[in-house]
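**Student:** This is the structure I want to talk about, given as structure tokens.
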Amino acid sequence: MKLRENERETPEVLDNLKKKGGVNGWVPVAAVPVIVVSLSGAIVAVGIPQYYEHYNSIARSALRDAATTQEVYYVDHKTYARSTKDLLASGWLTLPEGVGMEVITASKQSYVLLSYHEKGNEGFVVKGPGGSIMSVSDISRSITSPRTNEERILLIACTLYDTWRISVGKQ
């Protein structure tokens, strides 16, 4: 909307301009920072979870590979590998850059593995043989007071992950 030649910039005229979309349809300059901040917030809200999910999926994939390697190791040695070093030495497992892996416990009957990515925001645990991958946060929420040795071992895995996060300043 344009000012007519006989109109002055009175408060009433300026209010009308604001209501009708500014002068000549342009948004008032004061609204630009609000729009920029809003768009930036939307981009961050969508981008950050996807950033972490990418690295979390790498950690989950490495954990699946490690569980498969444990089964191959068992066929060769009649026991599960007791350390990440043993899994890597088998030649069947290579960890992607940035992935941490820990064998929490292993015996002739079972194993528990923990994995995480240094750029991710979640750790993952699998209890084998044949277990499904669980997130550390899901385990921590579901086991409040452990009643079995299995639950205690899963909580130890969560504690190790939390200790790692604190040591690298991710808390």
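**Student:** So which residues in the stretch 96-114 are under 16 Å from Thr68 (Cα atoms) and not in a strand (DSSP E or B), if there are any at all?
**Tutor:** Once the filter is applied, which keeps residues that are under 16 Å from Thr68 (Cα atoms) and not in a strand (DSSP E or B), the stretch 96-114 yields Pro96, Ser107, Lys108, Gln109, Ser110.
**Student:** Additional query: Looking at the stretch 102-131, which of its residues are among the small types (Gly, Ala, Ser), over 21 Å from Tyr51 (Cα atoms) and modelled with pLDDT of 90 or more? Break it down into steps so the answer makes sense when it comes.
**Tutor:** Step one: of the stretch 102-131, the residues among the small types (Gly, Ala, Ser) are 106-107, 110, 115, 120, 123, 128, 130-131.
Now narrow it down to the ones that are over 21 Å from Tyr51 (Cα atoms): 106-107, 110, 128, 130-131.
Selection gives Ala106, Ser107, Ser110, Gly128.
Here's the yes/no breakdown for (1) of a type outside the set (A, V, I, L, M); (2) surrounded by fewer than 16 Cβ atoms within 10 Å (Cβ to Cβ); (3) at positive phi:
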| site | (1), (2), (3) |
| --- | --- |
| Arg60 | yes, no, no |
| Arg64 | yes, yes, no |
| Ala67 | no, no, no |
| Lys78 | yes, yes, yes |
| Ala81 | no, no, no |
| Asp86 | yes, no, no |
| Leu93 | no, no, no |
| Pro96 | yes, yes, no |
| Met101 | no, no, no |
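**Student:** Taking the criterion of being modelled with pLDDT of 60 or more and part of a strand (DSSP E or B), would at least one residue in the stretch 16-33 satisfy it?
**Tutor:** no
**Student:** Now for a different question. Pairs please, first residue from the stretch 142-161 and farther than 19 Å from Ala106 by Cα, second anywhere and open to solvent by 50 Å² or more (accessible area, probe 1.4 Å) and not in a helix (DSSP H, G or I), Cβ atoms under 9 Å, 6+ apart in sequence or on different chains.
**Tutor:** So the pair list comes out as Ser142/Met134.
**Student:** Hey, another quick one. In this structure, is Ile156 farther than 30 Å from Gln50 by Cβ and modelled with pLDDT under 90? Before the answer, list the steps.
**Tutor:** Working: farther than 30 Å from Gln50 by Cβ: yes; modelled with pLDDT under 90: yes.
Against the criterion (farther than 30 Å from Gln50 by Cβ and modelled with pLDDT under 90), Ile156 qualifies.
**Student:** Could you check, for the stretch 63-77, whether at least one of its residues is within 23 Å of Ile139 (Cβ to Cβ) and outside any helix (DSSP H, G or I)? Give the steps one after another, and end with the answer.
**Tutor:** The initial filter retains those residues of the stretch 63-77 that are within 23 Å of Ile139 (Cβ to Cβ), namely 63-71.
Of the ones still in play, those that are also outside any helix (DSSP H, G or I) are none.
No, the stretch 63-77 contains no residue that is within 23 Å of Ile139 (Cβ to Cβ) and outside any helix (DSSP H, G or I).
**Student:** The conditions are (1) open to solvent by less than 50 Å² (accessible area, probe 1.4 Å); (2) out of contact with any helix residue (DSSP H, G or I) (no Cβ under 7 Å at 6 or more places or on another chain); (3) in a strand (DSSP E or B), and Gly131 fails exactly one of them. Which is it?
**Tutor:** Among (1) open to solvent by less than 50 Å² (accessible area, probe 1.4 Å); (2) out of contact with any helix residue (DSSP H, G or I) (no Cβ under 7 Å at 6 or more places or on another chain); (3) in a strand (DSSP E or B), the lone unmet condition for Gly131 is (3).
The values are calculated or read from the model by the stated rules, or taken from the named source; none is laboratory data. It should be emphasised that the depicted structure is a prediction, and the values quoted were computed from it without experimental measurement. Using ideal geometry, Cβ is built from the backbone for each residue, glycine included, and neighbour counts are taken over all protein chains shown. Surface accessibility is based on the protein's heavy atoms, side chains included, excluding ligands, DNA and RNA. Shrake-Rupley method; radii C 1.70, N 1.55, O 1.52, S 1.80 Å.
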